[in-house]
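The values are calculated or read from the model by the stated rules, or taken from the named source; none is laboratory data. All of these numbers come straight from a predicted model, not from anything done at the bench. Heavy atoms of the whole protein, side chains included, go into the accessibility calculation; ligands, DNA and RNA do not. Shrake-Rupley method; radii C 1.70, N 1.55, O 1.52, S 1.80 Å.
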Amino acid sequence: EYVCSGSGVVICNGIKYNINAGDCYLLSKRSNHSYYSNDNWTKIWFNITGELVPKLVSEYGLQNINHVENIPLLPLFEEMVELSRENLSSEEICDRALVIFIKILQKVSRRVKSEGTLISPEAIALKDYIHRNIEKNINSAELSAIIERSPSQMSRIFKKAFSLTPCEYIIRLKIATAQQLLVNTNMRITDISTHMGFADEHYFSKCFRQKVGMSPRQYRAS
């Protein structure tokens with residue numbers, strides 16, 4: 001999505017990004033995300049699916065990039081809009097849309113590399129493991145073993161990449177996942193607490209209130 005004017009907030013896997021005009025953000029279908037406008041933002045956006053998509057995103061080193069500030073992508077997004085209005089076969093539209101998408105990835109990748117914000121393979125491995133096992137109780141020793149580093153080294157690597165300690169990230173992701181379950185399922189709050197690996201419902205509610213500002217019951221009813 002590309003923000004043409006205004007501003008807003010994107011929350012992806014528990015991490016909050018302040019979005020302004022000229023910014024681009026990318027959201028994976030596997031992520032827990034939400035977003036809202038601060039002052040009536042206008043955006044151009046598109047969804048793209050298929051087996052090639054994650055491969056391309058990975059090849060350009062962008063699988064853990066969600067927000068890129070002040071990047072001149074408007075002409076490419078406008079080109080995508082114009083393409084959708086043309087009287088072409090779906091096959092030709094897909095072929096031309098892929099070219100535009102690759103150009104967007106190239107520009108984002110160059111910006112990320114120029115700013116030195118590419119994330120290390122070790123940090124990516126840690127994050128991927130956390131996402132695959134978020135319903136379990138993940139400890140520091142377990143994460144350290146994945147990249148064969150000491151717990152302190154592992155924590156520094158993760159925090160440098162994501163600006164959160166592994167523990168902070170895990171809690172945020174658990175709460176973000178719980179929010180999706182509260183909205184999209186009829187699971188009891190007690191069952192969600194157990195499903196997400198919390199010791200008990202009281203501790204789950206305490207953590208939830210700290211991160212969201214209301215209880216799980218209030219969140220479901222809102």
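Residues in the range 81-214 average 58 Å² of solvent-accessible surface per residue, probe 1.4 Å, ligands and nucleic acids excluded. Fully extending the segment from Asp39 to Val183, taken as 0.36 nm per residue of separation minus the present Cα-Cα distance, adds 49.3 nm. Per-residue SASA remark: Asp95, around 90 Å² accessible (1.4 Å probe; ligands, DNA and RNA not included). With all protein chains in place and ligands, DNA and RNA left out, the 1.4 Å accessible area ranks Ser7, Ser222, Ser58 as Ser222, Ser58, Ser7, largest first. Heavy-atom accessible area with a 1.4 Å probe sorts Lys127, Lys159, largest first, into Lys159, Lys127.
Step through the table entries Lys16/Lys43; Lys159/Lys206; Lys113/Lys174, compare each Cα-Cα distance with 20 Å, and write down the pairs that go over it. Checking Cα-Cα distances, Lys159/Lys206; Lys113/Lys174 exceed 20 Å.
Across the accessible surface of the range 123-216, with the other protein chains kept in place and a 1.4 Å probe, carbon and sulfur atoms take up 49 percent. Here Leu74 sits with roughly 60 square angstrom of accessible surface, probe radius 1.4 Å.
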